[in-house]
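I have placed the structure first, in the form of structure tokens, so that the comments after it can refer back to it.
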Amino acid sequence: MTGERSDPLVGTSRLAADVTVVRGSFELEVSLEVAAGEVVAVLGSNGAGKSTLLGALAGLYRPSRGEIVLGERTLSSPSETVPVHRRRIGLLSQQALLFPHLSALDNVAFGPRSTGSGRGNARRTAERWLAEVDAGALAGRRPAQLSGGQAQRVAIARALACEPELLMLDEPFAALDVDATPAVRSLVRRVVRATGVTTLVVTHDVLDAVVLADRIVVLDAGRVVESGTTTDVLTRPRSAFAARIAGLDLVPGRSRADGLVTAEGTVVAGTHPEPVDDGERAVALFAPASVAVFREEPGGSPRTALRVRLAALEPHGELVRLRASPVPGGPEWVEGLAADVTPAAIAELGVEPGDEVWFAVKAAEVTVHPAGR
């Protein structure tokens, strides 16, 4: 996997939505743009409006104000609305929702058949998409004969077989077991990049946003409260939800065999739990609790040591969270990195805001993942 796109296999269109949707006592008022081929993650707590947004885009809910435009077509406005089946929107949810009486091949062929393709063309399209998601060998199986990961691969093929202009992923990995999730997540990333399809991802998992998305939009109480590149939102969150889900230290750079190298050349040692090619855009993630703090540069086992200036000391449960800022001439990306240490350690170190210290994290505590563009 290189992160480079091949020629698009599906439609690629810009999405622009500026709508108000009222459902009982809840009101969604959102202005959202997704560039052609862009992948945007929509995050928010339960009840924030994520499902209402997807429902409005899909045509399940009619906005009371505003319009939705996909490519050159207006899907919804005060004077018109395009039916669900004509919107050219693919949806992948956390449950595969395959027809139990049809084979995997016939499940995937159902979409092209429903839009007017002949039986032969629909089956050839289904075969192609099953091959795209590495599920060609599953063509003759029925859903009851598939594992969760296999069923989700078939569901991905079905969502793309209709050549959607917009792909919507609604918690697509939530129902998978922990062993299947990394492989299916990597598959979705590869297929989305290869096709160039404009994509919205609704998720609660920060890794989904890191691996798949170019940009993050955070919803709260039906409003957009934060928007920016994935790296910016997760390293400098401005909303309570983004700060809560971030909960990790994140370093951007490019993958290498022993971890990651940043733009200015700092090597962050780590492991690769999923495939990432050397030189591919990536992020290194580690928990603040795994960061040790020293007055002098540490040595010892393979680790990354970063010289930082302490910006703040904050209570964090039974621990103290130390926030980093750059030292003069140092890399800017250390801004906001955190270390969680005990009050006793703070007393022993004798540190306060403004002091220069070393943040160190062992390679075994760092994971490197592919990143959005």
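Nothing in this text is a laboratory measurement; each read-out follows from the coordinates by a stated rule. Small disclaimer: the values here were computed from a predicted structure and weren't measured. Backbone-built Cβ (ideal geometry, glycine too); neighbour counts: all protein chains shown.
Summary of computed values
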{"read-out": "Given charges at Cβ of Lys, Arg, Asp, Glu: the range 15-246 dipole, positive-most of S31, L138, L53", "value": "L138"}
{"read-out": "For W129, W333, order by how many other beta-carbon atoms lie within 10 Å, fewest first", "value": "W333, W129"}
{"read-out": "Residue-averaged [θ]222 nm for the chain, counting only DSSP H segments that reach four residues, each worth -39500 (n - 2.57)", "value": "-7000 deg cm²/dmol"}
{"read-out": "Among [x] 166; [y] 136; [z] 155, the entry derived from the coordinates for volume of the Cα convex hull per residue in Å³", "value": "[z]"}
{"read-out": "Dipole magnitude of the range 88-158 about its Cα centre (Cβ charges: Lys, Arg +1; Asp, Glu -1), debye to nearest 20", "value": "200"}
{"read-out": "Most positive-pole-ward Cα, A17, L250, P237, against dipole of the chain from beta carbon charges", "value": "A17"}
{"read-out": "Principal-axis tilt of helix 181-195 within the chain, Cα atoms, nearest 10 degrees", "value": "60"}
{"read-out": "Distance from the range 77-113 to the range 163-241 (C-alpha centre basis), Å", "value": "21"}
{"read-out": "Integer Hz, Karplus 6.51/-1.76/1.60 couplings in order for the range 280-290, x for Gly and Pro", "value": "6, 4, 8, 10, 9, 10, 7, 7, x, 5, 8"}
{"read-out": "Most mobile of I346, I68, I216 in a GNM of the chain (Cα contacts under 10 Å)", "value": "I346"}
{"read-out": "Calculated FRET value between R321 and S79, using beta carbons and R₀ = 56 Å, to 0.05", "value": "0.60"}
{"read-out": "Additional length obtainable on full extension of the chain from A137 to D177, 0.36 nm per residue less Cα span", "value": "12.3 nm"}
{"read-out": "E72 paired with E297, simple spin-label distance in nm, labels 7 Å along Cα-to-beta-carbon", "value": "6.1"}
{"read-out": "For the range 340-352, Karplus couplings with θ = phi - 60° (6.51, -1.76, 1.60), whole Hz, Gly/Pro x", "value": "9, 10, 7, x, 4, 5, 4, 5, 5, 6, x, 9, 8"}
{"read-out": "Residue with peak Gaussian network fluctuation, the chain [Cα springs, cutoff 10 Å], from G336, G90, G317", "value": "G317"}
{"read-out": "Cα-based helix-to-principal-axis angle, 104-114 vs the chain, degrees rounded to 10", "value": "60"}
{"read-out": "About the Cα centre, charge dipole magnitude for the range 59-218 (Lys/Arg +1, Asp/Glu -1 at Cβ), debye", "value": "520"}
{"read-out": "FRET efficiency, 1/(1 + (r/R0)^6) with R0 30 Å, evaluated for S45 and A263 via beta carbons", "value": "0.35"}
{"read-out": "Residue of P252, P172, P343 that the Gaussian network model of the chain assigns the largest fluctuation, springs spanning Cα pairs under 10 Å", "value": "P343"}
{"read-out": "Rounded to 10°, Cα long-axis angle of helix 119-132 versus longest principal axis of the chain", "value": "10"}
{"read-out": "Residue order, fewest to most beta carbons within 10 Å, for H204, H369, H272, H85", "value": "H85, H204, H272, H369"}
{"read-out": "Spatial separation of Cα centroids for the range 342-373 and the range 32-72, in angstrom", "value": "38"}
{"read-out": "Computed label-point distance, nm, for sites E356 and R23 using a 7 Å Cα→Cβ extension", "value": "5.4"}
